[in-house]
Each structure stands twice: as structure tokens, then as C-alpha cells.
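Chemist: Let me give you the structure first, and then I'll get to my questions.
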Amino acid sequence: MTYPKITINKNKLKENVEILVDICKRDGISPGGVTKVFSGNSELVNILIEGGIEFLADSRIENLEEFKDIPLAKLMLRLPMLSEVEKIVEYADMSLNSELLTIKKLSEVALEKEKVHKIILMIDLGDLREGIFEESEVYELIKDIIKLKGIKLIGLGTNLTCHGGVIPTHHNLKRLSEIKEKIEEKFKLNIEILSGGNSSSLHLLEKNDMPAQINQLRLGESLILGRETAYGNRIKGTHSDVFQLITELIEIREKPSIPIGEIGLDAFGRKPTFIDKGKRKRGICAIGKQDIDIEDLIAVDKNINIIGQSSDHLIVDLTDSKDEYKLGDKVKFDLNYGGILKLMTSKYVCKEIK
Ligand SMILES: *Cc1c(COP(=O)(O)O)cnc(C)c1O
């Protein structure tokens, strides 16, 4: 099977990685490569490593398992499920955590395996996804954590702009270093790592406004699409088209732009609406909602309009294109991060690294 196909340009990916690694290292930040969209592909991970990424991070343990022979530290990003703690200790050197019960279980399993599992404790600075919200609870939790023999608390971390859309600022990230200092004083501990978030924290480096003690970032989207994610700005010199989708046309016909007959519900139970543009040259690309959402697609030919989608069909308007599309021709799309994630996960989409 060759189409639909997602193409991955190795050179462009490597250039993105090198630029971001440089931006981080100039400011004393250790850059981690988030591999969510690689779906466990080691060839792509090797490009991150060539580009200078210092550790790997993923939210699915199955992906880290695929990377078990790659000699780089691995961080589990999503808080571990109690039911997967065995695998976490086996395939991740460190994990992000906020729940004592999980941390206790990680310690037990680590001791059984004669390992020490490292953890970064997550602090919720207001985005309201994972992490400890009340500062007093942080200190309570650490009292228990330091008793656990299979665990080493190596850092504090936070994650912003994921659920609440809260933008990382000098002010909110500085709370991490304040909490770190209190912990070091109270418990006579050395907290090595302050993990200051994801691609949405990059704008602080550009403005020279990152609190000095932040020394790690976990980068996904910025490596893949070359943009910071607080404001969506492009990062100078990077590529946004490392990943592209190529689909094949299976029908091209002139049809009206408004369906004929009484309008009920579409394939997904919604009542569709249409604008009358007269007869249009319509194409059907062989890909569907099983693989991608149309919100995640941008046609490379700016004169192609995406009209709609069902499970296995993508309908496009080719009327305004300067090209004479024929049956069997290919239609190319740029992608957003969610789209890349879905396409790389779909077994119906061919992956071509070039
Ligand atoms: C996905 C994820 C990241 C990477 O986020 P980007 O915005 O893609 O850089 C970092 N940290 C955690 C906890 C994540 O889940």
C-alpha cells in the first residue's frame, strides 16, 4: 500500500532540531525531544539524537519500549497508570509524577528490579491539567517520597498551555524555583532539574526572560513544526513542512454545491449546511476521518478548498486550482500537530522517510 502517504523529510527535521537545541543550550537549558508523533519509529529518533537532543520523552510507554536499545535517557511524560508501573520502571529511566500511591508502587517495583527510578514532581501552576496545585501539599508529599528507597526525586516540573491555555511567564515559572529552594532548605535535598514546560516556554528564551534556574524543556511541536506554541510564532530558520500528507484522487466530477433532496444528518450525526456556488469540479481523495480530521489539513495548493469528509472519503473543490487534476493524481496537504499524530498512528497511512 502506498497511498495515502505521510512523507517525513529527514534533513528538514534535523535542521529544526539543530536550531532548537542551539536556542536551548545558549541559555543553559537541556533540550528533551518529545517523540509522541513518531509512533515508536527509531529512525526518526536517531535524527533527534544527531541534532543534539539530550533525552527522549514520550507519553506512551509502548513507544519508549520501542526505543529500549537507544542509549539515551528516557522520560515518561504522562503520569503512569498504576497498572503499567512495571513497564514504566523497565523502559523509562524517569517519569513525571504527582500521586503518592503511584510513586510508592514505582519504588516497590524498582526495588524488585534492583533499580532506582527517577521522578520529576509535577507542580500545577494554573493550567489545571496534571500536577500538585496547593504548595503545602508538595512539602507533605516530599516527606513521604524521601523515605522511598527505590525512588530518587531529581526535579520539579510543570506543564502549561495544554488544558487551560495558560502562557508560561517569568512570574509563574519563577514559582518553580521558589518551591525548589524551599524544598532544598527544608529537606537538605539537591533538586537538579527544573523542567520548565514544553514548546510554549520557548518565547521566554527569545525575550531573555526565562527564570535562571529553569534548566530543562520538553520539546515536541517546535521540533516538528518549527513554531513556539504560546503565540504560534515561527522560529527563525525552521521548516513547517517536515511532515506532509499525499492523497490520491479516486473521483473527479462536476456537481452542484448544494445536495439535492431533504437534508437530514451527515455521516457523523450533524446537520450539514451548504453555500450555493453553482456547479463545481469536485474531487474525492482516498482518506477519511478514520485517519485525519479536516481541521488538521491545509492544502498545499492554496486554490483547493476542503469541502467535507466522511469515514473514508475527503471531498475537495478543485474548480479554482490552476492545475488540471486528473483521476489518480495526488493532492498534497500540510498538517498541524494533531493531524501528524493521528496520521502517524493510522495503520492505513504509509510512512515514507526521505
Ligand atoms: C506533549 C508534552 C510535551 C511536549 O509539548 P509540545 O507542546 O509538543 O512541545 C511536554 N510535556 C508534557 C508533559 C507533554 O505531555
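The values are calculated or read from the model by the stated rules, or taken from the named source; none is laboratory data. Not measured: the values here are computed from a predicted model. Neighbour counts run over all protein chains shown; Cβ positions are idealised from the backbone, glycine included. Just so you know, the surface numbers come from the protein's heavy atoms only, side chains and all, with ligands and any DNA or RNA stripped out. Shrake-Rupley method; radii C 1.70, N 1.55, O 1.52, S 1.80 Å.
Chemist: What are the residues in region 142-167 that are within 16 Å of the ligand (Cβ to nearest atom), more than 17 Å from LEU96 (Cα to Cα) and either out of contact with any Asp or Glu (no Cβ under 9 Å at 6 or more places or on another chain) or among the basic types (Lys, Arg) (or both), if any?
Modeler: Answer for region 142-167, where residues must be within 16 Å of the ligand (Cβ to nearest atom), more than 17 Å from LEU96 (Cα to Cα) and either out of contact with any Asp or Glu (no Cβ under 9 Å at 6 or more places or on another chain) or among the basic types (Lys, Arg) (or both): just ILE167.
Chemist: Hey, among the residues in region 176-200 that are away from the ligand (no atom under 14 Å from the Cβ) and in a loop (DSSP other than H, G, I, E, B), which one's farthest from PRO31 (Cα to Cα)?
Modeler: LYS188
Chemist: Mind checking which residues of region 137-154 are closer than 23 Å to PHE55 by Cβ, open to solvent by 10 Å² or more (accessible area, probe 1.4 Å) and among the hydrophobic types (A, V, I, L, M, F, W, C)?
Modeler: LEU148, ILE151, LEU153
Chemist: When you look at PRO259, is it farther than 27 Å from LYS322 by Cβ, open to solvent by 10 Å² or more (accessible area, probe 1.4 Å), touching a residue at least 24 places away in the same chain (Cβ under 8 Å) and more than 16 Å from the ligand (Cβ to nearest atom), yes or no?
Modeler: no
Chemist: Take the residues of region 197-224 that are of a type in the set (Gly, Ala, Ser) and open to solvent by less than 10 Å² (accessible area, probe 1.4 Å): which is farthest from the chain's Cα centre (by Cα)?
Modeler: SER201
Chemist: Give the residues of region 122-136 that are away from the ligand (no atom under 11 Å from the Cβ), surrounded by 15 or more Cβ atoms within 10 Å (Cβ to Cβ) and in a loop (DSSP other than H, G, I, E, B), sorted by residue number.
Modeler: Passing the criteria: ASP124, LEU125.
Chemist: Here's something else I'd like to know. Sort out which residues of region 270-280 are under 36 Å from the mean Cα position of the chain (by Cα) and either acidic (Asp, Glu) or surrounded by 14 or more Cβ atoms within 10 Å (Cβ to Cβ) (or both), and write them in order of number.
Modeler: none
Chemist: Same structure, new question: Inside region 25-42, can you point out the residues that are surrounded by fewer than 24 Cβ atoms within 10 Å (Cβ to Cβ) and within 10 Å of the ligand (Cβ to nearest atom)?
Modeler: Across region 25-42, the qualifying residue is only LYS36.
Chemist: If the requirement is being on the phi > 0 side of the Ramachandran plot and not aliphatic (A, V, I, L, M), which of these qualifies: GLY269, GLY283?
Modeler: GLY269
Chemist: Moving on. Given GLY283, GLY288, which one is open to solvent by less than 60 Å² (accessible area, probe 1.4 Å) and not in a strand (DSSP E or B)?
Modeler: Exactly one of GLY283, GLY288 is open to solvent by less than 60 Å² (accessible area, probe 1.4 Å) and not in a strand (DSSP E or B), namely GLY288.
Chemist: Sticking with this one: Inside region 1-118, counting only strands (runs of 3 or more DSSP E) that do not spill past its ends, which hold 1 or more residues that are under 22 Å from ILE154 (Cα atoms) and of a type in the set (Asp, Glu)?
Modeler: Qualifying strands (runs of 3 or more DSSP E): 55-58.
Chemist: Can you tell me how many residues within region 291-308 are surrounded by fewer than 18 Cβ atoms within 10 Å (Cβ to Cβ) and assigned to a loop (DSSP other than H, G, I, E, B)?
Modeler: 5
Chemist: Out of all the residues in region 309-325, which are part of a strand (DSSP E or B), of a type outside the set (Val, Ile, Thr) and within 15 Å of ARG253 (Cα to Cα)?
Modeler: Across region 309-325, the qualifying residues are LEU314, ASP317.
Chemist: If you check every pair at least six apart or on different chains, which have Cβ atoms under 8 Å apart with a residue in region 201-221 that is within 9 Å of the ligand (Cβ to nearest atom) first and a residue that is assigned to a helix (DSSP H, G or I) and among the acidic types (Asp, Glu) second?
Modeler: From residues that are within 9 Å of the ligand (Cβ to nearest atom), there are no pairs.
Chemist: I would also like to ask the following. Criterion first (closer than 25 Å to LEU96 by Cβ, of a type in the set (S, T, N, Q) and at pLDDT 95 or above) does ASN198 satisfy it?
Modeler: Criteria met by ASN198.
Chemist: Test ALA267 against the stated conditions and say whether it is small (Gly, Ala, Ser), open to solvent by 30 Å² or more (accessible area, probe 1.4 Å), at pLDDT below 95 and out of contact with any Cys (no Cβ under 7 Å at 6 or more places or on another chain).
Modeler: For ALA267, the condition - small (Gly, Ala, Ser), open to solvent by 30 Å² or more (accessible area, probe 1.4 Å), at pLDDT below 95 and out of contact with any Cys (no Cβ under 7 Å at 6 or more places or on another chain) - is met.
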